[in-house]
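The values are calculated or read from the model by the stated rules, or taken from the named source; none is laboratory data. Just so you know, these numbers come straight off a predicted model, no measurement behind them. Neighbour counts run over all protein chains shown; Cβ positions are idealised from the backbone, glycine included.
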Amino acid sequence: MKIAVASGKGGTGKTTVATSLALSLAMGEPDQPVPPPPAFLDCDVEGPNAHLFLAPIFERRQDVAIQIPRVDAAKCTACGRCAEVCQYHAIVVLGKRTLVFSQLCHGCGSCTLVCPEGAISEEPHAIGALEAGPAVRGIPFARGVLNVGEPMATPAIRQLKQWAISASGAQGSVVILDVPPGTSCPVVEAVRGADYLLLVTEPTPFGLHDLRLAAEVAVELGIPAGVIINRDGIGDAGVDAFCAAAGLPVLLRIPFERAIAEGIAQGRTLVDIHPEYASRFSTLYQQIVGQVISLSRAGG
Amino acid sequence: MKVIVTATAPELEAEVDPRFGRGAYFVVVDTDTLKWQAHQNQGVNAAGGAGSQAAQFAAQQGVEAVISGDFGPNAYIALAAAEIKMYLLGPSKTVWEAVASFTAGKLEQVHAPTGTGHHGGREA
């Protein structure tokens, strides 16, 4: 069961929710044997912050690289086939010279494939790193970190997901993904393949605007979704009205409370600040499972 | 020789467009015959690579110079590689004025990117 925690608007509380959901699952139910902990993937490679709350000890590391084309000028005939096929204008033919713009390159390899002279070779260009290791309560933790100045998060996120499933050594079958803010390529890459999308929002016009976009992403990708309203009590009823109209269940409300803000600022998790949230997140998880099962029955 | 002036509309009397990579139209003008043709810029809404795409278009048109208001880092590198000279519009308001000022030698040539670029690239 892969649960992606996303938002649309940044700063709504994705990491707050994701870390506490993971912790409450790792803690298990009272009077029940402790289940294997869920794996945690911090996919916000441009600004990972979940490590501040889950304190992982990194034991495994891997570079993230994309393949950038290199043109052998001696073999290049300036035919322009590579430039024609490149969707990103990262390789251009100007007169007799073929130029590569590595920061525009998405590493798809098309130019290398179509070159009729075999003049293009690929070399790896490091864009970041992947790290994994155990965190608190034995939660297998993995994250990606993009190098400063690199413009493309998506390849790092893709490689993180491929690598982390094997490197994290997770025995349990639940994976919590802390997704980057926004609704563009990095978010779609992080969310793709998830079984459920938890959308964290705040009840304000800004929160609503971006929640609508995030809900559209969920529909486009065919992933069932539910909403958590953080900072409940500020703003207006717009988000509630939207969720009701869109058929999005509001699974949890976290009130706007100074004690929570102070605790988060100190690096404490929500379940640490208010221990009653552990059972609230357990219940939330059961609701998610129920929703996913009933949808798969309805669809199947 | 042929030059390109970036314009907001496909006319010689059109107002110039200060952006190169994302200018609305490229007006190709032969300064010897004064024949001209306007081309819509396909890269206007590109997520990235507008500058490199525009430079490639200029090279394909066989122009010797481009006249615009702003050349980002990708456009600059590409145009320089194609040995196409870059000139700033200065006070020119229409395409026709820009061509006239260019022919009279009144336009300033640039030798470095004039801007930091937008989507798709880092600072040069």
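Take the conditions touching a residue at least 12 places away in the same chain (Cβ under 8 Å) and more than 17 Å from A:T204 (Cβ to Cβ) and apply them to A:V227. Does it pass?
Details: touching a residue at least 12 places away in the same chain (Cβ under 8 Å): yes; more than 17 Å from A:T204 (Cβ to Cβ): no.
It is false that A:V227 is touching a residue at least 12 places away in the same chain (Cβ under 8 Å) and more than 17 Å from A:T204 (Cβ to Cβ).
Among residues belonging to the range A:102-148 that are over 27 Å from the mean Cα position of the chain (by Cα) and free of Cβ contacts under 8 Å to residues at least 40 places away in the same chain, point out the one that is nearest to A:F40 (Cα to Cα).
Taking the candidates together, the pick is A:L113.
Taking A:A119, is it over 30 Å from A:I57 (Cβ atoms) and either among the hydroxyl-bearing types (S, T, Y) or within 13 Å of chain B (Cβ to nearest Cβ) (or both)?
No: the conditions fail for A:A119.
Can you spot a residue in the range A:241-255 that is within 21 Å of A:P181 (Cα to Cα) and at pLDDT below 95?
No - not one qualifying residue is present in the range A:241-255.
State which residue is surrounded by the fewest Cβ atoms within 10 Å (Cβ to Cβ) when the search covers only the range B:1-35 and only residues that are more than 17 Å from B:V66 (Cβ to Cβ) and aliphatic (A, V, I, L, M).
Among them, the one singled out is B:L34.
Determine whether the range B:68-78 contains at least one residue that is in contact with a Leu (Cβ under 6 Å, 6 or more places away or on another chain), within 19 Å of A:L99 (Cβ to Cβ) and surrounded by fewer than 20 Cβ atoms within 10 Å (Cβ to Cβ).
No, that holds for no residue.
Restricting to the range A:10-27, count the residues that are in contact with a strand residue (DSSP E or B) (Cβ under 7 Å, 6 or more places away or on another chain) and part of a loop (DSSP other than H, G, I, E, B).
2
B:L89 fails exactly one of the following numbered conditions: (1) touching a residue at least 40 places away in the same chain (Cβ under 8 Å); (2) surrounded by fewer than 22 Cβ atoms within 10 Å (Cβ to Cβ). What is the number of that condition?
If we test B:L89 against (1) touching a residue at least 40 places away in the same chain (Cβ under 8 Å); (2) surrounded by fewer than 22 Cβ atoms within 10 Å (Cβ to Cβ), just (2) comes out false.
Could you grab me the full set of residues in the range A:40-77 that are hydrophobic (A, V, I, L, M, F, W, C) and in contact with a Ser or Thr (Cβ under 6 Å, 6 or more places away or on another chain)? Don't jump to the end; show me each part of the working.
Start the filter on the range A:40-77 by keeping residues that are hydrophobic (A, V, I, L, M, F, W, C), which leaves A:40-41, A:43, A:45, A:50, A:52-55, A:57-58, A:64-66, A:68, A:71, A:73-74, A:76.
A:A50, A:F53, A:L54, A:I68, A:V71, A:C76, listed by residue number.
Tell me, which strands (runs of 3 or more DSSP E) wholly within the range A:50-148 include 1 or more residues that are surrounded by 22 or more Cβ atoms within 10 Å (Cβ to Cβ) and basic (K, R)?
Details: elements: A:60-71, A:91-94, A:97-100, A:120-134, A:140-146.
Counting at least 1 such residues, we get A:140-146.
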